[in-house]
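Remarks on the structure that follows.
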Amino acid sequence: MSYPVEILPNKEYKQITCVLLPYRLTRFTNTKDILDDTGLIMQSYIVSPKEGILDLSLSLLGIFEFEHNQISLLDLGKTKYNQYCAPNETVDIPQMDIDYIINLERSWWSISIQKIMEQNYTCFYKETEIKFMPVITHTPMMWNYWHFSLTWAISNFDIDSIASTNQKNRFKEIISSTARSSIQQYSMSGEIPFDIIDEKEYKS
């Protein structure tokens with residue numbers, strides 16, 4: 001498969017800053033067997049504990065389609081393309097079998113942005129209540145203009161004010177566990193219908 005140039009940065013593209021609630025985000029998995037006994041996406045495929053969910057890489061569905069999750073950058077491709085860039089960056093088209101392959105063993109899950117944003121994210125560390133919220137940001141990459149980052153902002157105190165590194169890490173672990181469980185509840189496998197963002201929102 002030739003590289004889908006429609007997912008690359010483009011001189012006509014701009015930063016996406018519109019309301020994203022009607023749309024879906026997707027993330028690849030390295031296997032097709034991703035459901036647990038209850039029919040939910042296994043948490044390890046939402047994101048592995050090694051990678052962490054506090055800064056989760058996703059793609060906005062629309063021009064980026066489900067099958068694009070099967071693009072797997074090779075070592076040379078990672079060196080050249082696996083980095084953030086401006087939305088209107090000039091990028092050479094990746095070459096099959098040099099920069100990337102199509103990995104047919106990959107699958108994916110997706111989630112409604114509205115579902116992410118409407119949840120109440122609260123957890124506890126001992127007697128301390130932690131309230132936090134999702135932040136979805138357009139973060140184009142050389143290989144994928146449609147790359148977005150899901151991060152989390154604590155709303156009721158400043159985690160950087162915690163002096164103890166161990167305690168700070170424990171807070172992050174609890175937040176990660178709560179966020180991962182919530183994402184799991186609303187994620188879906190397969191080719192779910194999705195809306196496509198209007199051109200005026202990404203073309204300058």
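Its relative contact order, with pairs defined as Cα atoms under 8 Å and 6+ residues apart, puts the chain at 35 percent.
Straight Cα distances below 27 angstrom link LYS126 to the lysines LYS50, LYS168, LYS172, with same-chain residues fewer than 8 positions distant left out. You can think of it this way: the chain between LYS126 and SER57 has 21.8 nm of extra reach, that is 0.36 nm per residue less the Cα-Cα gap.
The aspartates and glutamates whose alpha-carbon is closer than 19 Å to the alpha-carbon of LYS32, local same-chain residues fewer than 8 away aside, are GLU65, GLU67, GLU105, GLU191. Cross-link partners of LYS115 among lysines, defined as those whose alpha carbon lies under 16 angstrom from its own and excluding same-chain residues fewer than eight positions apart, are absent. Over 24 Å between C-alpha atoms is what I'm after, so list which of LYS78/LYS200; LYS14/LYS131; LYS11/LYS200 land there. As for pairs spanning more than 24 Å Cα to Cα, those are LYS78/LYS200; LYS14/LYS131. If a spin label sat at a point 7 angstrom from the Cα of ARG170 along the line to its beta carbon, the backbone N atoms of the range 97-130 nearer than 17 Å would be those of 123-130. Between SER161 and LYS115, the modelled label-to-label distance comes to 3.5 nm, taking each label 7 Å out from Cα in the direction of the beta carbon.
Once the C-beta distance of ILE192 and THR90 is scaled by a Förster radius of 35 Å, the resulting FRET efficiency is 0.55 to the nearest 0.05.
For a quick check of your reading of the filter: which GluC sites (Glu not before Pro) in the range 1-100 sit in a DSSP loop and have no more than 12 other Cβ atoms within 10 Å?
Numbers: sites: GLU6, GLU12, GLU51, GLU65, GLU67, GLU89; in loops: GLU12, GLU51, GLU65, GLU89.
Hits after loop and neighbour filter: GLU12, GLU51.
What's the center-to-center distance, using Cα atoms, between the range 111-143 and the range 28-76 in Å? Centre-to-centre (Cα) distance: 17 Å. A full extension of the chain between GLU6 and GLN83 corresponds to an added length of 25.9 nm, given 0.36 nm per residue minus the alpha carbon distance.
List ARG27, ARG180 from most exposed to least, where exposure is judged by having the fewest other Cβ atoms within 10 Å.
On the way: ARG27 20, ARG180 17.
Ascending number of Cβ neighbours within 10 Å: ARG180, ARG27.
Look at the dipole of the chain built from charges on Cβ: of ILE41, GLY77, TRP108, the Cα furthest out on the positive end belongs to ILE41.
No value in this document is a laboratory result; all are computed from the given coordinates. As the structure is a prediction and not an experimental result, all values here were calculated from the model. Backbone-built Cβ (ideal geometry, glycine too); neighbour counts: all protein chains shown.
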